[in-house]
Amino acid sequence: MEVSSNASRLSNPQEEAAELSKGAEHIVPDGELERRLAEGRPLRVKFGVDPTARDITLGWAVALRKLRAFQDLGHTAVLIVGDFTARIGDPSGRSETRGQLSVEVVRANAEGCVAQLLQILSPDKLEVRYNSEWLEPLDVGGILRLTSHYTVAQMLERDDFSKRFSGGHPISITEFLYPLLQAYDSVAVEADLELGGTDQLFNFLVARDLQRAFGQRPQIAMTMPLLVGLDGVNKMSQSLGNYVGIEEIPEEMFGKLMSLPDSRVATYARLASDLDQDRVAELEAASARGGPPAGLAKRTMARAVVALYHGTEAAKHAEGAFDRQFVRHEAPADIPEAQVPAGSIRDGRVHLPGALVALGMASSRSDARRLIKGGGVRLDGRQVTDEEVDVSRVMGATLQVGKRRFVRISPVESLGSFD
């Protein structure tokens, strides 16, 4: 992603505050951003990511691009990698208790995330911190001191907790700790402003209270609109699987964006691309008309998003690949080649569930069986309904799973047997 960086301040605090406030949903307290900018020093702008998966999504990128805008005006981006809090899981917007992740999984995800963040953020004016640095050393006494600053009644003011409590759904004490631990991050890095999605406003306000309790000046809370996921209903989330990753290949990114409901095209154009407001308004009007105008609007949006992260030529190529596959129903031009995995052939027949798993085209044998039963597996364009097929039918054929996964099977036969 190419983003310009002039690292220069605007002419006055009022102008700078207006520029940085564009598109924000909340800025609390009102007027505080302009007052701090008037002090003439770089602000410490905190943004936290919990690496629950390896991909940086277009949803995260909404706030990350705003963080880059702060960097471009000379402020310091303080990136908090929640390698400790991710083990708990953020309960924001959740209707049920979230599963906890292992240290090993979180660490692997964190390594992948940080590398991707530099596609959006500048390495200059960037401070990367892992919150295990200050949260792991907290003993029971430290945790109790944190909890003493907030009451159960205050926690239940939070909308998702309130709904779960009134509905008789369980809320773990661990989940109550999450906002306090995230708030303590702001204390540890002495944040001037915290940036994130609208679902984080409660957590940001807890941080203001905690900073005050620790004798610090409370941070400004700035939230950006949430990007709804590809399902058109829930917010884009790694854990829900309804996301587009900024490092996905152009063809995959374009194809996913074309699956978006027409009603969400304008939102993606506004939040996930760099199209100007007038162009976004045109796309919104076209999407509302439905039919071919909505389809063309969606293509424009998808091209713009892919171009932002991969360049204009890659976006054109991705659109062409989409048309070959989904308009003209042709196989992709650059299908990878692989042999039938060892262990999936016996007595002249290929065991497809095992082969699909070994080829990375299904997550498990049960998933592969579900795909076969649902008509989602094809050989040379023909639907496969049996779990075992003759080797002669597979060798040299194009194996397709779903709409976008293809592999051409090498005519060289692998040996082995399956259970």
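Take residues that are under 21 Å from Q119 (Cα atoms) and among the hydrophobic types (A, V, I, L, M, F, W, C) and tell me which of the helices (runs of 4 or more DSSP H) falling wholly in the range 232-318 contain 3 or more.
The helices (runs of 4 or more DSSP H) meeting that bar are 250-258, 291-310.
Which of the residues that make up the range 154-166 are open to solvent by 70 Å² or more (accessible area, probe 1.4 Å) and either of a type outside the set (D, E, K, R) or not in a loop (DSSP other than H, G, I, E, B) (or both)?
Result: D159, K163, F165, S166.
Considering only residues that are small (G, A, S) and open to solvent by less than 20 Å² (accessible area, probe 1.4 Å), which ones fall in the range 105-131?
Once the filter is applied, which keeps residues that are small (G, A, S) and open to solvent by less than 20 Å² (accessible area, probe 1.4 Å), the range 105-131 yields A110, G112, S122.
Rundown of residues vs (1) in a loop (DSSP other than H, G, I, E, B); (2) at pLDDT below 95; (3) more than 27 Å from the chain's Cα centre (by Cα), yes/no style:
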position	(1), (2), (3)
S5	yes, yes, no
L10	yes, yes, yes
E34	no, no, yes
V45	no, no, no
R54	yes, yes, no
W60	no, yes, no
A63	no, no, no
K66	no, no, no
V78	no, no, no
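Residue by residue, here is whether (1) at pLDDT below 80; (2) closer than 30 Å to L58 by Cβ holds:
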| residue | (1), (2) |
| --- | --- |
| L101 | yes, yes |
| D124 | no, yes |
| G141 | no, no |
| L144 | no, no |
| S148 | no, no |
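Residue-by-condition table, conditions (1) open to solvent by 30 Å² or more (accessible area, probe 1.4 Å); (2) over 25 Å from the mean Cα position of the chain (by Cα); (3) farther than 18 Å from I409 by Cβ:
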{"site": "G311", "(1), (2), (3)": "no, no, yes"}
{"site": "R346", "(1), (2), (3)": "yes, yes, no"}
{"site": "L356", "(1), (2), (3)": "no, yes, no"}
{"site": "I372", "(1), (2), (3)": "no, yes, no"}
{"site": "G381", "(1), (2), (3)": "yes, yes, no"}
{"site": "V391", "(1), (2), (3)": "no, yes, no"}
{"site": "A397", "(1), (2), (3)": "no, yes, no"}
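I'd like the residue in the range 242-274 that is open to solvent by 50 Å² or more (accessible area, probe 1.4 Å) and not acidic (D, E) and, out of all such residues, is nearest to the chain's Cα centre (by Cα).
Result: I249.
Looking at the structure I just gave you, is L352 in contact with a helix residue (DSSP H, G or I) (Cβ under 7 Å, 6 or more places away or on another chain), more than 30 Å from D262 (Cβ to Cβ), modelled with pLDDT of 85 or more and surrounded by 18 or more Cβ atoms within 10 Å (Cβ to Cβ)? Steps first, please.
Values: in contact with a helix residue (DSSP H, G or I) (Cβ under 7 Å, 6 or more places away or on another chain): yes; more than 30 Å from D262 (Cβ to Cβ): yes; modelled with pLDDT of 85 or more: yes; surrounded by 18 or more Cβ atoms within 10 Å (Cβ to Cβ): yes.
Taking the combined requirement at face value, the residue satisfies it.
Regarding E194, is this residue among the acidic types (D, E) and crowded, with 17+ Cβ neighbours inside 10 Å?
yes
The values are calculated or read from the model by the stated rules, or taken from the named source; none is laboratory data. Bear in mind that the values here come from a model prediction, so they are computed numbers and not experimental data. Cβ coordinates were reconstructed from backbone atoms using ideal geometry, including for glycine residues, and neighbour counts include every protein chain displayed. Note: accessible area is taken over every heavy atom of the protein model, side chains too, but ligands, DNA and RNA are not part of it. Shrake-Rupley method; radii C 1.70, N 1.55, O 1.52, S 1.80 Å.
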